[in-house]
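Rule-based calculations on the coordinates, nothing more; no lab input. The structure displayed is predicted, hence computed values, not measured ones. Please note: Cβ atoms are built from the backbone with ideal geometry, for glycine as well, and neighbour counts cover all protein chains shown.
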Amino acid sequence: MTEGERSLVTITTDDLLRLARIAQLDRENFFARNPSYRALAERAVAVALCQGAALHFLDGRNGVKDFDVWTFFAAHPDTKWPPRRPVVARDFGDPRFGRSPDRPEFVGRKVDLLGRSIEAEADADPAVALRAYLSEGRTSSAYHLARKAVVVIEPTDRLGEVVWPVR
């Protein structure tokens, strides 16, 4: 496999746990550096593997180009996730999926970390909240995410739960 190809290596629950930890560390870092957004810190409804890697988790055929990990926060009346926060790229840290050609300094594939506030209660069921967000398709992000797959990685007691497509 060359570095630019999609990896067909199976994504395991250990890999999902690694992605959950990468996302958790990014959130902790973000809120420590941006105190004006701390109202959202305890309002994470779900963290999910999305798009092509999530589809690969389901079918084993799509392949992994990178890992897109989204954190979905319950909307807060006074604080929304920053709409212009750039995608944060982190290293998966394990070379078994190959390397990302656009990040030669990384040991493993690139993990793109993104976030959104969604209309949901902070204690909402993650699958119900995400399905509502995706099926309504009110935003460009929801529309594009709904074109592939979404798999829960947090809360970890729901690890690997397929939220989208609805089965």
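A few remarks follow.
- Residue within the range 88-106 that is closer than 17 Å to E5 by Cβ, among the charged types (D, E, K, R) and without any contact (Cβ under 8 Å) to a residue 24 or more places away in the chain present: yes
- Any hit, the range 2-24, residues being in contact with a Pro (Cβ under 6 Å, 6 or more places away or on another chain), assigned to a loop (DSSP other than H, G, I, E, B), in contact (Cβ under 8 Å) with a residue 40 or more places away in the chain and surrounded by fewer than 19 Cβ atoms within 10 Å (Cβ to Cβ): yes
- Checked across the range 29-43, the condition of being small (G, A, S), surrounded by fewer than 13 Cβ atoms within 10 Å (Cβ to Cβ), free of Cβ contacts under 8 Å to residues at least 12 places away in the same chain and in a helix (DSSP H, G or I) holds for at least one residue.
- Failed item, numbered, when R99 is tested on (1) touching a strand residue (DSSP E or B) at 6+ places or on another chain (Cβ under 6 Å); (2) crowded, with 18+ Cβ neighbours inside 10 Å; (3) of a type in the set (K, R): (1)
- Test for I153: is it over 30 Å from L8 (Cβ atoms), touching a helix residue (DSSP H, G or I) at 6+ places or on another chain (Cβ under 9 Å) and either aliphatic (A, V, I, L, M) or surrounded by 14 or more Cβ atoms within 10 Å (Cβ to Cβ) (or both): no
- Flag for L55 being crowded, with 18+ Cβ neighbours inside 10 Å and not in a helix (DSSP H, G or I): no
- Flag if A89 is aliphatic (A, V, I, L, M), out of contact with any Cys (no Cβ under 8 Å at 6 or more places or on another chain), on the phi < 0 side of the Ramachandran plot and not in a strand (DSSP E or B): no
- Among the residues making up the range 58-96, those that are touching a strand residue (DSSP E or B) at 6+ places or on another chain (Cβ under 9 Å), under 25 Å from D125 (Cβ atoms) and of a type outside the set (G, A, S) are L58, F67, D68, V69, W70, T71, F72, F73, H76, T79, K80, W81.
- Inside the range 109-167, residues that are closer than 14 Å to C50 by Cα, in contact (Cβ under 8 Å) with a residue 24 or more places away in the chain, in a helix (DSSP H, G or I) and of a type in the set (A, V, I, L, M) make up a count of 4.
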